[in-house]
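Participant: What follows is a structure written as structure tokens; I'll ask about it next.
The values are calculated or read from the model by the stated rules, or taken from the named source; none is laboratory data. Just so it is clear, the model here is predicted, and its values are computed rather than measured. All Cβ positions, even for glycine, are placed from backbone atoms using ideal geometry, and neighbour counts span all protein chains on display. Keep in mind that these areas ignore ligands, DNA and RNA; they rest on the heavy atoms of the full protein, side chains included. Shrake-Rupley method; radii C 1.70, N 1.55, O 1.52, S 1.80 Å.
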Amino acid sequence: MNTLYRVFCVLTLLLATAPGGPIFDVSLPRGVDFTLQNSPTPQKYLIETMPGGVALLDYNNDGLLDVFFVNGGHIASQMQAPENFERHDPRYWNRLYRQNKDGSFTDVTEQAGLANVGDGNYGMGVAVGDYDNDGYPDLYVTNYGKNILYHNNGDGTFTDVTAKAGVAAGGWSVSAGFFDYDNDGKLDLFVTRYMDWDTQHSKDCGGNFHTYCPPGEFPRTTNILYHNRGDGTFEDVSQRSGIAAKKGHGLGVAFSDYDGDGFTDIFVANDGMQQYLFHNNGNGTFTEVGLEAGVALNLDGGPLSGMGVVFQDYDNDGRPDIIVTTLPRQTYAVFHNDGNGSFSDRGLQTGVTMLSGITSGWGIGLEDFDNDGQKDLFITQGHVLDNVETIDPSLHYLEPTLVALNHNGRFEQVDSGSEAMVSGRGAAFGDLNNDGWIDVVTTVPGAHPQFFFNRGGSAHWLTITLRGTRSNRDGLGARVQVNGQTRFATTAGSYESANDKRLHFGLGTADKAKVEIDWPSGTHQTLNDVHADQFLEVREPEKP
């Protein structure tokens, strides 16, 4: 172990003994036995490094969050066409775990109709949204191969409606998210794609070492935008909307309205190149403005290996900021929204530069873990190359999870509760046990997932469920302000994963809150003197 990494690990252990103790208890709940099968081979097929997503959703509306994991598949040492990943084998199934009232989980994958994913698919990520506004969350699973849209039937089962809906895509999809880009009350779908690649055109880029190739070795490809027609089908509007005008190496995606014009914008984390910010023009088209807005490159004008992304307001100024995770020797990017349609790099000022640089970040979230009214930072980490120590002894494949509390806009690392070094990938955020404190679930290739259960405290909180009437049913795209804090309603973000749709706010010592909601329909709603420490459902007024 090199000196720099040894110092890094010692500092991490010192943080574990700091006053206040760890933020989370990390354990695998009873009933969860999932292992993410990425199937690494000597051939170093690039897809092996990239799964897998995780979603937190209440699929049966019993008030308890359930967990959905995307699995990879079996990869042969010498893949032949047509590609077969043996997804019929239960070992390679995606998995849905229903949470029970005692906090344990039951595997309901087969009875829910989620077992048959097709042998030609290798799993990547997941998006969650109620695309038909029937009150039950639906699942969209991305793959290398064909993607799958599962309609939630409301009786504990799902139906594969991909062919009918017209959203199979193709190629190599990674992350996805539901959002309403035209504010018509129906959720649309955005899909990132990584590159033009297949196993027959794979190659080894290691020289003296067998290793995975960087993305620049393969052609860029387009992302996909599907418009919801409202009849159970979607239209591919990638060309007409301007999304397909920009090819890239898309990985993470997140949504927010960065300029406050009432229309949801899109940020795409690209690997090994400039990042994309698609401004929503409000007329069904988008313009890519990353360079002009100041979010395309790092502070030195170099490209970023963008992996995961979060698009929320970290400093409580009411404007959504952007944080992008990257590979080592590129510090994680913190783009502060300056309020004039542009962003500035605040990595140094926020302390994030000091917290990164020798680590690789994937799943990411800005959540208030200590309920003090400021959003904290969580990043699951692990290098992309499983043999990186052989190639470069200063880097490591297994890395610690980063948790950093927000102190007036500066992030300070604390003990995560886990000393385990992992190759983390997906991360999803939500209150698993309904105690008012945000938890996290992460995925690890070749291993069990990690469940980070928040240890809690004495601060107050408020969790809001939106019920749209004129807007989409879950109010995705709404701007919600509570006691000076702002959240943008979304299930998307992180890396390949989907978060709890409920909006969580820490209130500190305040036992009451003022809630203001700007719905996608344009309706503004205010609630005064809302009592703290409750799960509040807010229904959108049917008339403006």
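Participant: What percent does the relative contact order of the range 377-459 come to when contacts are Cα pairs within less than 8 Å and at least six residues apart?
Facilitator: 23
Participant: Rounded to the nearest percent, how much of the accessible area of the chain (1.4 Å probe, protein heavy atoms only) is carbon and sulfur?
Facilitator: 48
Participant: With θ set to phi - 60°, apply the Karplus curve 6.51 cos²θ - 1.76 cosθ + 1.60 along the range 160-165 and write out the HN-Hα couplings as whole Hz, x wherever there is a Gly or Pro.
Facilitator: Once rounded to whole Hz, the list reads 6, 10, 4, 4, 4, 6.
Participant: When you count, for each residue, the other Cβ atoms within 10 Å and take the mean per peptide, how do 167-179, 472-484 rank with the highest first?
Facilitator: My ranking of the peptides, most packed first, is 167-179, 472-484.
Participant: Once you list every other residue whose beta carbon is under 11 Å from the beta carbon of Met124, what net charge do they have if Lys and Arg are +1 and Asp and Glu are -1?
Facilitator: Once all neighbours under 11 Å are counted, the net charge is +1.
Participant: What whole-number value in Å² describes the accessible area per residue of the chain for a 1.4 Å probe?
Facilitator: 35
Participant: Spin-label point model (7 Å from Cα, Cβ direction): what's the Glu292 to Gln78 distance in nm?
Facilitator: 5.3
Participant: Right, next: So how long is each side of the range 266-379 along the principal axes, counting just the alpha-carbon atoms, biggest first, in Å?
Facilitator: Reported extents, whole Å, longest axis first: 40, 32, 22.
Participant: Be a star and scan the range 21-53 for residues whose amide nitrogen sits under 18 Å from the point 7 Å along the Cα-to-Cβ vector of Asp62.
Facilitator: The answer is 29-33.
Participant: Shifting gears a bit: Just one of (i) 22.9; (ii) 29.6; (iii) 28.0 is Kirkwood radius over Cα pairs in Å as worked out from the coordinates here. Which one is it?
Facilitator: Here the calculated entry is (i).
Participant: Name the residues whose placed amide hydrogens come within less than 5 Å of the amide hydrogen of Ala498, ignoring near sequence neighbours (fewer than 5 apart) on the same chain.
Facilitator: Val54, Ala55, Leu56
Participant: Per residue of the chain, what 222 nm ellipticity follows from adding -39500 (n - 2.57) for every DSSP H run with n ≥ 4, rounded to the nearest 500?
Facilitator: It comes out at -1500 deg cm²/dmol, rounded to the nearest 500.
Participant: A further question on this structure: Residue by residue through the range 394-410, which ³J(HN,Hα) values in whole Hz follow from phi under the Karplus form 6.51 cos²θ - 1.76 cosθ + 1.60 (θ = phi - 60°), with glycine and proline marked x?
Facilitator: Per residue, the Karplus-derived 3J(HN,Hα) values read 7, 10, 9, 6, 8, 9, x, 7, 9, 10, 9, 7, 8, 10, 6, x, 10 Hz.
Participant: Rounded to the nearest 0.05, what FRET efficiency do Met354 and Met421 give with R0 = 25 Å and r taken as the Cβ-Cβ distance? Could you check?
Facilitator: My answer for the efficiency is 0.80.
Participant: Here is a follow-up. Please give, to one decimal in nm, the separation of the simple spin-label points placed at Asn100 and Glu412, each 7 Å out from Cα toward the Cβ.
Facilitator: 4.2
Participant: Using the Cβ atoms and a cut-off under 10 Å, what net charge is assigned to the surroundings of His383, where Lys and Arg are +1 and Asp and Glu are -1?
Facilitator: Net of charged neighbours comes to -4.
Participant: Count the lysine pairs in the chain that are 8 or more places apart or on different chains: how many have C-alpha atoms under 24 angstrom apart?
Facilitator: 19
Participant: Give me the extension gain from Asp33 to Ala244: residue separation times 0.36 nm, minus the current Cα-Cα distance, reported in nm with one decimal.
Facilitator: Length gained, Asp33 through Ala244: 72.0 nm.
Participant: In terms of the Cα gyration tensor, with a ≥ b ≥ c the square roots of its eigenvalues, is the range 104-263 rounded because a/c is under 1.5, prolate because a/b exceeds b/c, or oblate?
Facilitator: Oblate shape, in that a/c is at least 1.5 and b/c is the bigger or equal ratio.
Participant: Give me the number: length gained by fully extending Thr159 to Asn208, i.e. 0.36 nm times residue separation minus the C-alpha to C-alpha distance, one decimal in nm.
Facilitator: 12.8 nm
Participant: How big is the range 21-175 in terms of Cα radius of gyration and Dmax, in angstroms?
Facilitator: Gyration radius and largest Cα-Cα distance of the range 21-175: 15.9, 53 Å.
Participant: With the Cα gyration tensor of the range 467-512 giving a ≥ b ≥ c as the square roots of its eigenvalues, does the rule (a/c under 1.5 for rounded; else a/b larger than b/c for prolate; else oblate) give rounded, prolate or oblate?
Facilitator: Judged from the Cα gyration tensor, the range 467-512 comes out oblate (a/c at least 1.5, b/c at or above a/b).
Participant: Hey, another quick one. State whether the range 404-469 is rounded, prolate or oblate according to the following rule on the C-alpha gyration tensor (a ≥ b ≥ c being the square roots of its eigenvalues): a/c under 1.5 gives rounded; otherwise a/b larger than b/c gives prolate, and the remaining case gives oblate.
Facilitator: The shape class here is oblate.
Participant: Counting DSSP beta bridges with both partners in the chain, what percentage is antiparallel, nearest 5?
Facilitator: Antiparallel: roughly 95 percent of the beta bridges in the chain.
Participant: A follow-up question, please. May I ask you to evaluate 6.51 cos²θ - 1.76 cosθ + 1.60, the Karplus curve with θ = phi - 60°, for each residue of the range 93-102 and list the ³J(HN,Hα) values in order in whole Hz, giving x for glycine and proline?
Facilitator: Running phi through 6.51 cos²θ - 1.76 cosθ + 1.60 with θ = phi - 60° gives 5, 5, 9, 10, 10, 7, 7, 9, 5, 8 Hz.
Participant: Between beta-carbons, use under 10 Å as the cut-off and find the net charge around Asp138, counting Lys and Arg +1, Asp and Glu -1.
Facilitator: Cβ neighbours under 10 Å give a net charge of -3.
Participant: Next question, about the same structure. Counting only residues 5 or more places away or on other chains, whose amide H sits under 5 Å from the amide H of Val32 once H atoms are built in the peptide plane?
Facilitator: For Val32, the qualifying residues are Phe105.
Participant: Normalise the Cα radius of gyration of the range 452-541 by 2.2 N^0.38 Å (N = residues in it) and let me know the number.
Facilitator: 1.10
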